[in-house]
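Quick notes on the structure that follows.
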Amino acid sequence: MLCFLSTCSRSASSGLGGGEQEILRFNTEEVRSGEVISLEKLLARDLAVLLNFWSFRCSPCFVEIDALNRLYRGKLKGCRVEFIAVNTDGLEKKELIEAIQEQGIDIRFPVIADADMQLTNYYSDGFVPHTVIVTGSGGRDLEITGFNEKLFEKLEKRLFEIACKG
């Protein structure tokens, strides 16, 4: 279940910098641990937040998740960033947990169910994989749709710039 708190006008765009867009702030449970994830609290701790929108019907999503797993526990370990995998299949928490287990999907960062599709409809352009970096100071910092090495390098570079700074 998603609980939406508010929206907040921030400077951002679907590239780097510029434009005005709102951030949809939310509280929801991580599907495996039950821990409450609050975008508001993560941003207040000066963390960059990577929202990765994925679907079971999307084979490039799993290639991207594997790359994000390596980045999350490897190169970005110790940096000021949190990753959140947002499932876009409209599944409830229990259904999502069962599907992840049945298909043997390895996601090493928090996963949330977007059963009512509010997050997906707000942050995503309808295509997956879709990744958004949200920051407390700059709103939507970077948005990328699709997955390939060039796009992933752009994402990785931007995460280092904003989350691994001194």
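Which distance in Å, rounded to a whole number, links the C-alpha centroids of the stretch 54-95 and the stretch 119-166?
12 Å
May I ask you to list the lysines whose Cα is less than 24 Å away from that of Lys77, ignoring any residue fewer than eight positions away on the same chain?
Counting by Cα, and skipping residues close in sequence, Lys77 has these lysines nearby: Lys41, Lys150, Lys154, Lys157, Lys165.
Pop a pseudo-label 7 angstrom from the Cα along the beta-carbon direction at both Thr145 and Ser59 and give the gap in nm to one decimal.
For the pair Thr145/Ser59, the computed spacing is 2.1 nm.
Using only the Cα atoms of the stretch 63-134, what are the Rg and Dmax in Å?
12.7, 34
Decide, for the stretch 26-107, between rounded, prolate and oblate: order the square roots of the alpha carbon gyration tensor eigenvalues as a ≥ b ≥ c, take rounded if a/c falls under 1.5, and otherwise choose prolate if a/b is larger than b/c, else oblate.
Oblate, since a/c reaches 1.5 and b/c is not below a/b.
Using θ = phi - 60° and the Karplus curve 6.51 cos²θ - 1.76 cosθ + 1.60, what whole-Hz ³J(HN,Hα) does each residue of the stretch 77-84 get, with Gly and Pro shown as x?
Computed from phi, the couplings for the stretch 77-84 are 4, x, 8, 8, 8, 10, 9, 9 Hz.
Before I look further, what does the stretch 85-166 give for accessible area per residue, probe 1.4 Å, in whole square angstrom?
Heavy-atom SASA per residue in the stretch 85-166 reads 48 Å².
Report the label-to-label distance for Lys165 and Phe127 in nanometres (one decimal), using points 7 Å from each Cα along the Cα→Cβ vector.
Rounded to a tenth, the inter-label distance reads 3.0 nm.
Quote the relative contact order of the chain in percent (integer), defining contacts as alpha-carbon pairs under 8 Å separated by 6+ residues.
30 percent
Amide H to amide H under 5 Å from Asp141: which residues, 5+ apart in sequence or cross-chain, H placed 1.01 Å off N in plane?
Ile133, Val134, Thr135
Tell me the carbon and sulfur percent of the accessible area for the chain, rounded to whole percent, probe radius 1.4 Å.
Reported share for carbon and sulfur atoms: 49 percent.
Taking amide hydrogens as modeled 1.01 Å from N in the peptide plane, which residues meet the under 5 Å criterion relative to Val81, leaving out close sequence neighbours?
Ala48
Give me the distance in nm between label points sitting 7 Å out from Cα along the Cα-to-Cβ direction at Ser38 and Ser137, one decimal.
Going from the Ser38 label point to the Ser137 one covers 2.3 nm.
Could you order peptides 86-95, 65-74 by the average number of other Cβ atoms within 10 Å of their residues, highest first?
With the highest mean Cβ count within 10 Å placed first, the list reads 86-95, 65-74.
Rounded, prolate or oblate, given the Cα gyration tensor of the chain, with a/c below 1.5 counting as rounded?
rounded
The values are calculated or read from the model by the stated rules, or taken from the named source; none is laboratory data. Every value quoted in this text rests on a predicted model; they were computed, and no experiment measured them. Positions of Cβ are backbone-derived with ideal geometry, glycine not excepted, and every protein chain shown enters the neighbour counts. Heads up: the accessible areas ignore ligands, DNA and RNA and are worked out on the full protein's heavy atoms, side chains in. Shrake-Rupley method; radii C 1.70, N 1.55, O 1.52, S 1.80 Å.
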